């Protein structure tokens, strides 16, 4: 059972490292055709909450924090939220307050409202 507990975090860590290597060596802003493009932006011209995250990851991996924030200013919030959730899930203490809050339906609703709010703000302000 203890080995199964480490399986998912290990897979996630390996995938994260592989993606980091890819995004370090290949610049999504240069095109090339194999980086996924935002379907919403292509169809409507509106930026979704995640638009620019690939370019932001590339910039951040090269130490360009300001450039990463220009591509998507929510990058720090998204990164911290995902890291925090990963730690909570990894700890796997289902009776803890952090687990209950992270997996409560209201948390998903708040996250959805924040993403939609960010989408509206970024399209109005052009960021």
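The values are calculated or read from the model by the stated rules, or taken from the named source; none is laboratory data. Given the structure is predicted, the values throughout are model-derived calculations rather than measurements. Cβ placement follows ideal geometry from the backbone for every residue including glycine, while neighbour counts extend to all protein chains displayed.
Every condition in (1) exposed (fewer than 13 other Cβ atoms within 10 Å of the Cβ); (2) within 26 Å of residue 13 (Cα to Cα); (3) at pLDDT below 85 is met by residue 126 except one, and the failing one is (2).
Taken over region 20-42, the criterion of being modelled with pLDDT of 85 or more and loosely packed, with under 13 Cβ neighbours inside 10 Å is satisfied by 21, 25, 39, 42. Show the residue pairs that are 6+ apart or on different chains and have beta-carbon atoms under 9 Å apart, the first residue being within region 91-108 and closer than 21 Å to residue 10 by Cα, the second being assigned to a loop (DSSP other than H, G, I, E, B). What qualifies is 94/103; 99/92; 99/93.
For region 43-63, filtered to residues that are farther than 18 Å from residue 19 by Cα and out of contact with any helix residue (DSSP H, G or I) (no Cβ under 8 Å at 6 or more places or on another chain), the residue that is surrounded by the most Cβ atoms within 10 Å (Cβ to Cβ) is 44.
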